[in-house]
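I have placed the structure first, in the form of structure tokens, so that the comments after it can refer back to it.
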Amino acid sequence: MTDKNDLIQPDKGQQATSIHLVDKDGLDTFVKSLSGAQRAALAAQKFEADKHQSAIIPDGDEWFVVSGVADPAKLSSWCIAKLAETLPAGTYRLAQGEPGQAMHGWITGQYRFARYQSEDKGEGPRVLLTGKAKAIPAALAEAQAVAMVRDLVNTPAEDMGPAGLEAEAEKLANANGGKLSMTRGDMLEREFPMVHSVGRAASREHAPRMIELEWGDPKHPRIAVVGKGVTFDSGGLDLKPGSGMALMKKDMGGAAHALALARLIMETELKVRLHLLVPAAENAVSGNAFRPGDVLKSRSGTSVEITNTDAEGRLLLGDALTRAGEEDPELVIDFATLTGAARSALGPDLPALFARKEETAQALLAAGLAHDDPCWQLPLHDAYREWLKSDIADVMNSHANAFAGASVAALFLDKFVPEGTDWAHFDTFAWRPTAKPGRPKGGDALGLRAVWHMLKQKYA
């Protein structure tokens with residue numbers, strides 16, 4: 001991808017092509033300001049000020065752009081993102097006002113994942129100017145975090161196994177003065193038995209591990225960020241069909257979100273004591289794979305009957321959430337590509353949010369709406385806990401009926417978070433099946449910006 005540091009620059013009066021933003025209500029007034037030839041050019045391109053519609057208008061030896069938006073006075077993250085994808089390479093500025101939040105879509109619209117292509121056919125850069133230079137670093141950092149999620153999720157499992165996630169965490173620790181610790185092998189089996197059980201069937205190259213990173217002043221409020229790191233999910237012995245495995249390189253999307261959020265926290269020096277936890281494993285099939293009917297012990301001491309080996313992500317998270325709770329954090333947030341039920345209920349665009357405290361849920365929902373990263377709250381309905389009862393263990397990992405799958409999975413996780421701890425869980429898709437302006441098809445960050453802006457507001 002083009003270096004994002006080139007895509008937003010301070011406006012110092014340099015030569016740039018103007019972009020005029022027009023809504024339907026203002027179209028007639030805008031047309032009256034044009035010359036006859038310009039009106040003809042606009043009419044020839046059938047411009048009606050629809051969202052994301054644009055036209056190129058001649059202006060002597062130069063030209064300018066007109067683009068339709070919902071409201072020129074309130075720009076969304078995505079309102080000019082399509083321009084960043086389609087305009088010729090060059091430098092641009094808005095004819096009136098500042099881009100503000102629209103800087104995000106301008107940057108992310110120029111994202112490309114070209115790691116495996118022999119020739120990068122991307123064009124650019126398209127540079128956008130702003131008179132508010134102080135806003136540039138924050139916009140760049142946020143877009144870089146989104147690009148990080150996309151890169152990690154888009155990378156195939158062979159190149160983004162548990163060792164790959166460890167390498168990403170190591171980069172963050174080295175760049176920001178964090179302390180990285182790793183638990184593998186026999187110690188993993190003793191300390192995080194469910195993580196070990198899920199990942200033990202994988203090859204040595206993709207051996208499971210618990211990745212932990214600590215950063216920040218111990219005097220600051222402690223927060224834990226947890227990300228599900230199933231680097232490929234075959235379903236285990238409850239094997240997925242081929243169609244169900246096709247996108248399972250993205251099953252570490254929760255880990256990608258957690259790593260990207262940690263990056264934002266550290267690079268912007270948010271005043272928190274960060275504890276990042278990524279339980280990383282490949283859910284593979286071999287002679288030593290864990291089985292339906294097995295009873296696993298967990299770090300917390302809770303015994304878990306395995307009724308479905310394809311409900312493995314919650315097992316990793318159970319051990320990780322237990323470990324997070326041991327440090328008495330003020331807030332725990334986890335991200336996971338956890339259930340198909342959440343996608344059936346909410347589709348690919350909306351992460352399902354579960355939270356113990358309504359105040360925390362409302363803060364996350366509001367931050368998401370304010371920054372074009374909407375989430376939807378689903379219930380931790382207490383009556384459904386009985387569906388996880390086991391005849392031979394403390395709890396089973398997957399309930400027998402087809403009801404409320406996302407809520408029941410969240411209730412399973414709730415058992416491993418200490419009582420009274422403020423906890424929020426995101427069941428996110430981490431994938432965009434069809435492209436939208438600023439959001440290409442493939443891996444994507446869904447819920448990341450909502451959490452980041454909530455944390456900024458809470459801990460600034």
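The values are calculated or read from the model by the stated rules, or taken from the named source; none is laboratory data. Note that the coordinates shown come from a computational prediction; the quantities given were computed from them, not determined experimentally. Cβ placement follows ideal geometry from the backbone for every residue including glycine, while neighbour counts extend to all protein chains displayed.
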Residues that are over 25 Å from N397 (Cα atoms): list the strands (runs of 3 or more DSSP E) wholly contained in the range 258-342 that include at least 3 such residues. 273-283
Please return the ranges of helices (runs of 4 or more DSSP H) entirely within the range 2-95 where 1 or more residues are of a type in the set (D, E) and within 22 Å of L140 (Cα to Cα). 81-86
Of all the residues that make up the range 87-140, how many are surrounded by fewer than 13 Cβ atoms within 10 Å (Cβ to Cβ) and of a type in the set (S, T, Y)? 2
The correct count of residues that are within 30 Å of L87 (Cβ to Cβ), touching a helix residue (DSSP H, G or I) at 6+ places or on another chain (Cβ under 9 Å) and not in a strand (DSSP E or B) in the range 380-434 is 2
Somewhere in the range 232-240, is a residue under 17 Å from the mean Cα position of the chain (by Cα), surrounded by 24 or more Cβ atoms within 10 Å (Cβ to Cβ) and at pLDDT 95 or above? no
When the residues of the range 141-157 are filtered to those that are out of contact with any Asp or Glu (no Cβ under 9 Å at 6 or more places or on another chain) and over 28 Å from P218 (Cα atoms), which remaining residue is surrounded by the most Cβ atoms within 10 Å (Cβ to Cβ)? A143
Inside the range 190-207, the number of residues satisfying the requirement of being under 17 Å from R291 (Cα atoms) and in a loop (DSSP other than H, G, I, E, B) is 3
Looking at the range 159-171 only, could you name the residues that are assigned to a helix (DSSP H, G or I) and either under 17 Å from P279 (Cβ atoms) or aromatic (F, W, Y) (or both)? P162, A163, G164, L165, E166, A167, E168, A169, E170
Quick one: S35 ticks every box in (1) surrounded by fewer than 13 Cβ atoms within 10 Å (Cβ to Cβ); (2) modelled with pLDDT under 95 except a single one, so which number is it? (2)
Take the residues in the range 1-28 that are at pLDDT below 95 and in contact with a helix residue (DSSP H, G or I) (Cβ under 8 Å, 6 or more places away or on another chain); name whichever of them is nearest to F113 (Cα to Cα). M1
Mind listing just one residue for me: the one in the range 156-194 that is among the acidic types (D, E) and touching a residue at least 40 places away in the same chain (Cβ under 8 Å) and, of those, farthest from G229 (Cα to Cα)? E191
Unique match (being exposed (fewer than 14 other Cβ atoms within 10 Å of the Cβ) and of a type outside the set (A, V, I, L, M)) among H399, H371, H381: H381
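Condition check ((1) closer than 17 Å to L128 by Cβ; (2) touching a residue at least 24 places away in the same chain (Cβ under 8 Å); (3) assigned by TED's automatic domain parsing to the domain that holds L75) across all residues:
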{"residue": "G13", "(1), (2), (3)": "yes, no, yes"}
{"residue": "S18", "(1), (2), (3)": "yes, yes, yes"}
{"residue": "D25", "(1), (2), (3)": "no, no, yes"}
{"residue": "T29", "(1), (2), (3)": "no, no, yes"}
{"residue": "A37", "(1), (2), (3)": "no, no, yes"}
{"residue": "L42", "(1), (2), (3)": "no, yes, yes"}
{"residue": "Q45", "(1), (2), (3)": "no, no, yes"}
{"residue": "A55", "(1), (2), (3)": "no, no, yes"}
Those residues of the range 320-336 which are within 19 Å of H196 (Cα to Cα) and within 22 Å of the chain's Cα centre (by Cα) amount to A320, L321, A324, A336
Count - residues of the range 218-228 that are under 26 Å from the mean Cα position of the chain (by Cα), charged (D, E, K, R) and part of a loop (DSSP other than H, G, I, E, B): 1
Filter result (in contact with a strand residue (DSSP E or B) (Cβ under 7 Å, 6 or more places away or on another chain) and without any contact (Cβ under 8 Å) to a residue 24 or more places away in the chain) within the range 195-212: none
Determine whether A147 is in contact with a Phe, Trp or Tyr (Cβ under 9 Å, 6 or more places away or on another chain), in contact (Cβ under 8 Å) with a residue 24 or more places away in the chain and within 21 Å of W106 (Cβ to Cβ). yes
